[in-house]
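A.B. asks: One structure is given below, represented as structure tokens, and several questions about it will come after.
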Amino acid sequence: MNKMIVTDNLGKEYQDLVALEGLSLQIPRGEIFGLLGPNGAGKTTTIKILTTLARPTRGTARIQDFDVVRQPLQVKGLLGVCPQEINLDKELTAYENLWIYGRLYRVSGLKKRIQELLDFGDLSGRAHHLVKGFSGGMQRRLLILRALISRPQVLFLDEPTVGLDPQVRRQLWSLIRQLKLEGITIVLTTHYIEEAEMLCDRVGILNRGRLISLDTPATLVARLGGYVVESTHNGKREYHLAKDKTAAYSCAQTENCEVIIRQVNLEDVFIQLTGERLTQ
Ligand code: ATP
């Protein structure tokens, strides 16, 4: 396995609070890795350490063999970071936003690189339009293009489709999949479980600073297996796990309201493991 990201017993404490504990992880080149967890689970802390913005209090993390604490410049040179907040300069054009970042990162052949990116993100026709007139989906695409300006090996995407409608979200997923095909390693955090299920090769589930599960979405779902009976009581949604269809039907018969029977999905796994539902 060609490992791009390796962490060993990584941890971070803030005074007496353990934000991250004993994270040992290997992410191969070209993988889309999803980091999931309820609020306060340690996702941001992990990303901050991997992107050299926070110092671990124990353990090590390496990006393509460079240590994030001892070799931050080399590490930064490999990374692209796409924040959750759309922090583009909206009074400038798409081209100008990319140009400024390109100059900051001293990108060689910048004009050509910007054109490549605008073509890739299907924004060439809007290159010289002010960003403030862009739709939410276009702004998100531009944000990803900006993170790609320095030709990174690893791309961190923090909630890349937050607030977008389902169709626009799907367009972004296809853009992200294309990046994977180009060999870029992607670390993604998301509150949309469906997004992780559709996009990620593997997901790691963090809870209270600990990695409690790590596998492909399909394996995690198969491990829980079975069916879910959903019902609504006094406006409150309830979920019952059933090991097979027969058990699901008998469970449904005990409910005196309308029920939905469906197969287990990644969200059920998440709830089972963390006891919490992701809010969006
Ligand atoms: P969210 O989904 O809400 O962003 P998260 O999984 O990203 O949550 P973190 O932001 O990594 O979680 O936080 C993990 C824990 O560390 C939380 O209990 C948080 O309150 C705490 N924490 C994070 N940053 C600091 C800080 N600078 N000082 C003290 N505690 C912190």
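A.B. asks: Could you pull out the residue among Ala19, Ala41 that is touching a Lys or Arg at 6+ places or on another chain (Cβ under 8 Å) and in a loop (DSSP other than H, G, I, E, B)?
C.D. replies: Ala41
A.B. asks: One residue is enough: does the stretch 54-72 have a residue meeting the conditions under 25 Å from Leu199 (Cα atoms) and free of Cβ contacts under 8 Å to residues at least 24 places away in the same chain?
C.D. replies: Scanning the stretch 54-72 turns up no residue that is under 25 Å from Leu199 (Cα atoms) and free of Cβ contacts under 8 Å to residues at least 24 places away in the same chain.
A.B. asks: Additional query: Within the stretch 65-88, which residues are of a type in the set (D, E, K, R) and open to solvent by 40 Å² or more (accessible area, probe 1.4 Å)?
C.D. replies: Hits for the stretch 65-88 are Asp65, Arg70, Lys76, Glu85.
A.B. asks: Consider Gly30 against the criteria (1) in contact (Cβ under 8 Å) with a residue 24 or more places away in the chain; (2) away from the ligand (no atom under 16 Å from the Cβ); (3) on the phi < 0 side of the Ramachandran plot: it satisfies all of them except one. Which criterion is unmet?
C.D. replies: (3)
A.B. asks: Now, a different point. Within the stretch 1-21, how many residues turn out to be at pLDDT below 95 and either away from the ligand (no atom under 11 Å from the Cβ) or buried (at least 16 other Cβ atoms within 10 Å of the Cβ) (or both)?
C.D. replies: 3
A.B. asks: Something else: Do we have any residue at all in the stretch 51-61 that's touching a Ser or Thr at 6+ places or on another chain (Cβ under 8 Å), small (Gly, Ala, Ser), under 28 Å from Ile271 (Cβ atoms) and within 9 Å of the ligand (Cβ to nearest atom)?
C.D. replies: No, the stretch 51-61 contains no residue that is touching a Ser or Thr at 6+ places or on another chain (Cβ under 8 Å), small (Gly, Ala, Ser), under 28 Å from Ile271 (Cβ atoms) and within 9 Å of the ligand (Cβ to nearest atom).
A.B. asks: For Leu36, all conditions in the list (1) open to solvent by 30 Å² or more (accessible area, probe 1.4 Å); (2) more than 8 Å from the ligand (Cβ to nearest atom); (3) touching a strand residue (DSSP E or B) at 6+ places or on another chain (Cβ under 7 Å) hold save one; what is the number of the exception?
C.D. replies: Exception for Leu36: condition (1).
A.B. asks: Is there a residue being open to solvent by 80 Å² or more (accessible area, probe 1.4 Å), at pLDDT 95 or above, of a type outside the set (Ser, Thr, Tyr) and within 16 Å of the ligand (Cβ to nearest atom) anywhere in the stretch 89-104?
C.D. replies: No, the stretch 89-104 contains no residue that is open to solvent by 80 Å² or more (accessible area, probe 1.4 Å), at pLDDT 95 or above, of a type outside the set (Ser, Thr, Tyr) and within 16 Å of the ligand (Cβ to nearest atom).
A.B. asks: Does Arg140 fit the bill of being open to solvent by 30 Å² or more (accessible area, probe 1.4 Å) and touching a residue at least 12 places away in the same chain (Cβ under 8 Å)?
C.D. replies: Against the criterion (open to solvent by 30 Å² or more (accessible area, probe 1.4 Å) and touching a residue at least 12 places away in the same chain (Cβ under 8 Å)), Arg140 does not qualify.
The values are calculated or read from the model by the stated rules, or taken from the named source; none is laboratory data. Since the structure is predicted, the reported quantities are computational estimates derived from the model, not experimental observations. Every residue, glycine as well, gets a Cβ built from its backbone with ideal geometry; the counts of neighbours run over all protein chains shown. Just so you know, the surface numbers come from the protein's heavy atoms only, side chains and all, with ligands and any DNA or RNA stripped out. Shrake-Rupley method; radii C 1.70, N 1.55, O 1.52, S 1.80 Å.
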